[in-house]
């Protein structure tokens, strides 16, 4: 249905002029358009939402039906029922959950026929709180619509329909804002993002109230074990007024800050609110809890509560060449030595990971070859060098290390890194303690890749060609993964590598679903698998075994990373408009001696 669904992506004036809609037809305009400081993330006027009366044939009726649920969840069912014959509408199910579907092939339809069949992949279920719950099954399903007239009524109707509300992924992308709300992690050390979908029909002045309703309703299910919900029973006492004179006023009931709460609770709430309402900005935040006097904060710092705030606009880049870590040209500090690692220890490297807190630098190096590989780590105050220490228990088929959490102070034992050994996951610290196996309830099988979000708690994992999301549990003596949840990757039948492109997007690589032979692609996709952007549509038949990305900043960046690289075979490539091989000419500093002249491998960033 791409021929018709393109209509929702452009301006209503263009639609009326070029898509065959009669001039006298009525349309429904979705949203209130750009307004002075009210709407969030609006760049163009909202799309036009067509009603049943606009449909001129079977295909257009089906297309318009598949975007009718978009908008206010409280009235979605009413909009959908307007497309149904009266007897069908009477039998239609109640509830406001919407099943999101993605077309996998062109619909089976002949002009003039009263029937249309299309095959889709079910992406997931969108609930009224803006959460998209991913679908588990990957098998396509078929829907057939019968279209006809109803006695005594004008126009076309659906004479049969599935007993559930359906909406396409294209409509989700067009008729909803992608919004991020935030929750404090269980250690109260930083905020964790939570992707939501807000209908563009929500006027700008009502958006803060919608966001507060989401926050009082609790986090998305997959995050619940890793973050703090607001205290049980927290509710809005009144609707949130529009931000006026750069001031946000929030009135919550007395349960929002229960008796005995620590002194920092109100400030954490303020920071959580300010991050959650972004990109709306409020210099002054006034929070009133029950009958207590309002607490006013003016120009209070909040950006540093989100670890992703520290992401640089231009990352430091590295690669391994002839067993030596080298900087890449055209990245910051290109004339400086490799961080932390003493020159004599920079040898026999297979892969590496660097990370930094505001005060310290961390390194994890896989050295050696074959079954003789070892993991070595180091840490030191920024600008200093340190000796590498071997991590016990790890040897053999080691994957690429990744730093998940690095503390800001002089507590290097609290740093957490992750690595696979023989396709099982292990955690390590920065001082050379023995590695520990990471427990994973319901683990689906051997792990081939793992990536950690900038917040340090959300992870993406590939196993058996499938993609999973989970959260880290660091509350016990060791590290564990909470219950994994499978996420479908658009266009891909198998996923072989993953990295984080931003707070809410992953970059994944895998084999294309529709390719006759194994052909690989790279794409960015939302963490729930609903929406995607293809970066490289076909990069050949050689499997992508490794992806790395420097996530886009939530403050200055967009939804997708500008810095992504991958490995296929023994070659490394940058993800640009085309795949561009990383060559020795792009490396900075003196070449290793002796040098095998090998190509750069295992590209990575200072995270």
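Bear in mind that the values in this text are calculations on the coordinates, not laboratory data. Keep in mind the model is a prediction, meaning the values are calculated, not measured. Here the Cβ positions follow ideal geometry from the backbone for every residue, glycine too, while neighbour counts run over all protein chains shown.
Could you state the orientation-averaged shadow area of the convex hull built on the Cα atoms of region 335-379, in nm² to one decimal?
Approximately 3.5 nm², given one-decimal rounding.
At 222 nm, what helix-only mean residue ellipticity would the chain give, in deg cm²/dmol to the nearest 500, using -39500 (n - 2.57) for each DSSP H run of four or more?
The per-residue figure over the chain is -2500 deg cm²/dmol.
Can you compute the FRET efficiency between residue 97 and residue 371 using 1/(1 + (r/R0)^6), with r the Cβ-Cβ distance and R0 = 51 Å? Round to the nearest 0.05.
0.50
Working from Cα positions, state the angle (0 to 90°, nearest 10) between the long axis of helix 265-277 and the longest principal axis of the chain.
Result, in degrees: 60.
Normalise the Cα radius of gyration of the chain by 2.2 N^0.38 Å (N = residues in it) and let me know the number.
Details: Rg = 26.1 Å, N = 607, 2.2 N^0.38 = 25.1 Å.
The reported ratio for this selection is 1.04.
If you take the square roots of the eigenvalues of the alpha-carbon gyration tensor of region 241-365 and sort them as a ≥ b ≥ c, do you get rounded (a/c under 1.5), prolate (a/b over b/c) or oblate?
Prolate shape, in that a/c is at least 1.5 and a/b is the bigger ratio.
Using only Cα atoms and rounding to the nearest 10 degrees, what angle (0 to 90) does helix 207-217 make with the longest principal axis of the chain?
Orientation of helix 207-217: about 70 degrees from the principal axis.
For region 308-605, just say rounded, prolate or oblate: build the C-alpha gyration tensor, square-root its eigenvalues into a ≥ b ≥ c, call rounded for a/c under 1.5, and beyond that prolate if a/b exceeds b/c, oblate if not.
It is rounded, given that a/c, with a ≥ b ≥ c, falls under 1.5.
Using 0.36 nm per residue of separation minus the Cα-Cα distance, give me the extension gain between residue 518 and residue 385 in nm, one decimal. Before the final figure, lay out each step's value.
Working: separation 133, 0.36 × 133 = 47.88 nm, distance 4.49 nm.
Going from the current span to full extension adds 43.4 nm.
What's the Cα-based Rg to Rh of region 176-307, Rh via Kirkwood?
Working: Rg = 13.8 Å, Rh = 14.9 Å.
Reported Rg/Rh (Cα atoms, Kirkwood Rh): 0.92.
Under a point spin-label approximation (7 Å from Cα along Cα-to-Cβ), what is the residue 151-residue 139 distance to one decimal in nm?
4.0
How are the Cα pair distances of region 484-607 distributed, in percent, across 10 Å bins from 0?
P(r) over region 484-607, rounded to whole percents: 13, 42, 31, 11, 3.
Which order, highest average first, do 413-425, 388-400, 147-159 follow once you tally other Cβ atoms within 10 Å for each residue and take the mean per peptide?
Final packing ranking: 413-425, 388-400, 147-159.
Compute from the Cα atoms of region 62-137 the Rg and the Dmax, the latter being the longest Cα-Cα distance, and quote both in angstrom.
My reading of the Cα-based Rg and Dmax gives 13.8, 40 Å.
For region 383-432 and region 320-347, write down the distance between their C-alpha centroids in whole Å.
Centre-to-centre distance over Cα atoms comes out at 19 Å.
Which whole number in µm²/s is D for region 126-203 by Stokes-Einstein, with the Kirkwood Rh taken over Cα pairs at 25 °C and 0.890 mPa s?
The diffusion coefficient I find is 149 µm²/s.
Only Cα pairs under 8 Å and at least 6 apart count here; give the relative contact order of the chain as a rounded whole percent.
Taking the mean separation of contacting Cα pairs over the length of the chain, I get 9 percent.
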